[in-house]
1. Nearest 10 degrees, 0 to 90: what angle lies between the long axis of helix 30-47 and the longest principal axis of the chain (Cα atoms)?
2. Past the 27 Å Cα-Cα mark, which pairs from 11/129; 40/108; 41/129; 8/41; 108/129?
3. By average Cβ neighbour count within 10 Å, what is the ranking of 28-34, 125-131 from highest down?
4. Could you please tell me the mean projected area of the C-alpha convex hull for segment 96-170, averaged over all directions and given in square nanometres to one decimal?
5. Which value does Rg/Rh take for segment 1-110 over its C-alpha atoms, Rh per Kirkwood?
6. Return the FRET efficiency for the residue pair residue 117, residue 86: r is the Cβ-Cβ distance, R0 is 22 Å, and the value is rounded to the nearest 0.05.
7. Could you please put 89, 72, 97 in sequence from largest to smallest accessible area, using a 1.4 Å probe?
8. Run down the aspartates and glutamates and flag those whose C-alpha is under 17 Å from the C-alpha of residue 114, throwing out any fewer than 8 positions away in its chain.
Amino acid sequence: NTRREILKRMKPHHEAGRSCVLLHIRDHDPKGVFITGYLKKNLQDVGNLQGVQWDAEPVEVIRAGLTRQQIDSLGLVWIDNLIAGSGKDLADPKHLDHNKPYVQNYIKDHGCRKVEANALVGNIPEAIKLLEGHIFMFIPEDWPAEHAARLKPHREAAKAALAKLLGGSS
């Protein structure tokens, strides 16, 4: 369970006083938009499972993509249907979920169209900027280089110890 593993990784960070943020990227369609809002409750439910035992209330869930603004600014292509993975169309009044509020609200706001998250691969540099923009809201841009510098002596010591165990020189 991916969410369970996420919580198991977050729990010690929360206990150490750090903020826990989950950046969420999904398709821009009725289910994708709905899931972002539902994810916090789902994480709390998962947090009660054996092996986690942590109330995920402190976790902040942020929809990092896709948003309508991102779709417009990146010029992503809309798909003119609401056909789900099941092959059934949420825009069809006969679909079991068609009249659910999350579907109707989506149709009212966006029409019977969607954008798949994999549309981001059409503009990799802009997709990277988009993701980095969210990441750098929480960690400084120089963190990867600073972290690598802090790890360097430990990596060198590990290499030397390994070389010694294998009978070679460092």
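1. 50 degrees
2. Result: 11/129; 41/129; 108/129 exceed 27 Å.
3. 28-34, 125-131
4. 10.7 nm²
5. Ratio of gyration radius to Kirkwood radius: 1.06.
6. 0.75
7. My answer, sorted largest first, is 72, 89, 97.
8. Filter leaves 27, 29, 72, 80, 89, 92, 97.
The values are calculated or read from the model by the stated rules, or taken from the named source; none is laboratory data. Bear in mind that the values here come from a model prediction, so they are computed numbers and not experimental data. Note: ideal-geometry Cβ built from the backbone for every residue, glycine included; neighbour counts use all protein chains shown. Just so you know, the surface numbers come from the protein's heavy atoms only, side chains and all, with ligands and any DNA or RNA stripped out. Shrake-Rupley method; radii C 1.70, N 1.55, O 1.52, S 1.80 Å.
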